[in-house]
1. Show Ile260, Ile210, Ile68, Ile142 ordered by accessible area, largest first, where the area counts protein heavy atoms only and the probe is 1.4 Å.
2. Please report Rg over Rh for the stretch 180-257, where both radii come from the alpha carbon positions and Rh follows the Kirkwood definition.
3. Along each of the three principal axes of the Cα atoms of the stretch 25-282, give the extent in whole Å, ordering the values from largest to smallest.
4. Tell me, what is a quarter of the convex hull surface for the C-alpha atoms of the stretch 52-162, in nm² with one decimal?
5. List, in the order given, every pair from Lys76/Lys234; Lys131/Lys198; Lys44/Lys198; Lys77/Lys234 whose Cα-Cα distance in the structure shown is over 28 Å.
6. Taking a cut-off of 13 Å between Cα atoms, list the aspartates and glutamates near Lys187, but don't count ones fewer than 8 places away on the same chain.
7. Whenever you get a sec, compute what percent of the accessible area on the stretch 51-90 sits on carbon and sulfur atoms (1.4 Å probe).
8. Can you return the aspartates and glutamates within cross-link range of Lys137? Criterion is Cα-Cα under 17 Å, with same-chain partners fewer than 8 residues away left out.
Amino acid sequence: MKKTLRQTVVVLTVIATLTTGCRSTDEYKKFANAGSKYANAVDKLLGAAGDIRIDTTSEQLLRNDRIINLTVDDYKKLADRDEERLEVIRKLRKHNKLLSNYFQLLNELAGSDAPTRAQGEITGVVENLNKIGNELKGSDLITNPAIFQGIGNLVVSSQIRGALHSELEKRHRTILLELTIQKEMLKVLGDSIAQDVKLIRIAREERFVIRPLIQDTTISDEDTWIETRRDLLKMENRGQELQFASDTLGEFQEVFQAFIEGKQSLARVNSFLQEVDNFLQLVEADKKPK
């Protein structure tokens with residue numbers, strides 16, 4: 001989700017400026033740094049999701065080949081399914097980028113005396129966002145489209161003024177819908193990746209751990225065998241991380257809605273920041289040498 005949580009930096013800055021007065025520059029920097037790390041981590045996770053999908057079908061092809069002699073058509077059926085999933089992931093990353101662009105432009109509306117340029121750009125961003133959002137809703141990952149129908153209109157707080165108020169009044173329901181689409185896509189993609197990783201682990205454990213162990217000859221490189229087994233047994237984190245990303249984005253959605261309605265509190269913001277910290281710790285732990 002490249003730069004997705006930069007949105008949060010923007011909204012928190014707007015909140016602080018319009019509802020609670022000025023807050024320290026150091027606090028903004030700290031939050032911006034957390035948002036940047038979160039966005040980069042999610043983007044890497046989405047990239048890894050594509051790799052995991054390909055690895056899953058590769059393992060499936062190898063397993064099938066040990067049973068029957070595969071044909072080109074057998075290969076192409078699985079390869080086509082891979083391409084469909086990769087296309088969904090590409091759209092999701094683009095959707096994330098457009099959401100990030102929208103919130104950056106929202107920040108310009110809040111801080112500019114001449115917001116005409118930002119207003120013009122927002123129209124194009126939202127049109128593209130809607131287009132990709134509709135395509136994502138139609139993907140085979142979404143099994144319950146009714147989840148997108150319960151988003152109602154909110155009353156924009158009178159504390160928000162000028163061009164920002166007009167923009168939020170006009171499009172807040174649209175943006176809440178797009179955030180819901182993104183949150184749901186991350187959730188179901190995380191569930192799917194968790195299943196894929198489990199299949200990969202089982203297949204590779206059989207190939208690289210069990211087979212060498214049950215052969216008549218002893219394992220030549222015992223340290224490598226131990227390391228391989230350890231890595232395989234701990235490799236199921238990616239799906240969990242995407243599911244956590246979905247939960248954290250859901251937290252942001254609630255923060256954004258509270259901002260619109262003028263119900264935002266510092267405690268709520270701190271709660272969201274803790275969710276970001278938890279997510280970052282999860283991703284960083286997965287990066288550490290096994």
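1. Reading off the accessible areas and sorting them downward yields Ile68, Ile210, Ile142, Ile260.
2. Working: Rg = 18.2 Å, Rh = 14.6 Å.
So for the stretch 180-257, dividing Rg by the Kirkwood Rh gives 1.25.
3. Result for the stretch 25-282: principal-axis Cα extents of 78, 43, 30 Å.
4. Numbers: hull surface 41.1 nm².
That works out to 10.3 nm², a quarter of the Cα hull's surface.
5. On the way: Lys76/Lys234 31 Å; Lys131/Lys198 34 Å; Lys44/Lys198 20 Å; Lys77/Lys234 30 Å.
Table pairs above 28 Å Cα-Cα are Lys76/Lys234; Lys131/Lys198; Lys77/Lys234.
6. Within the straight-line cut-off, Lys187 pairs with Glu241, Asp247.
7. On the way: 1430 of 2720 Å².
Accessible surface attributable to carbon and sulfur in the stretch 51-90 totals 52 percent.
8. Within the straight-line cut-off, Lys137 pairs with Glu84, Glu87, Glu127, Glu178, Glu184, Asp191.
The values are calculated or read from the model by the stated rules, or taken from the named source; none is laboratory data. Keep in mind it's a predicted model, so treat the numbers as computed, not measured. A quick note on method: Cβ atoms are made from the backbone with ideal geometry, for glycine too, and the neighbour counts reach across all protein chains shown. Protein only, heavy atoms only, side chains kept; ligands, DNA and RNA dropped before computing areas. Shrake-Rupley method; radii C 1.70, N 1.55, O 1.52, S 1.80 Å.
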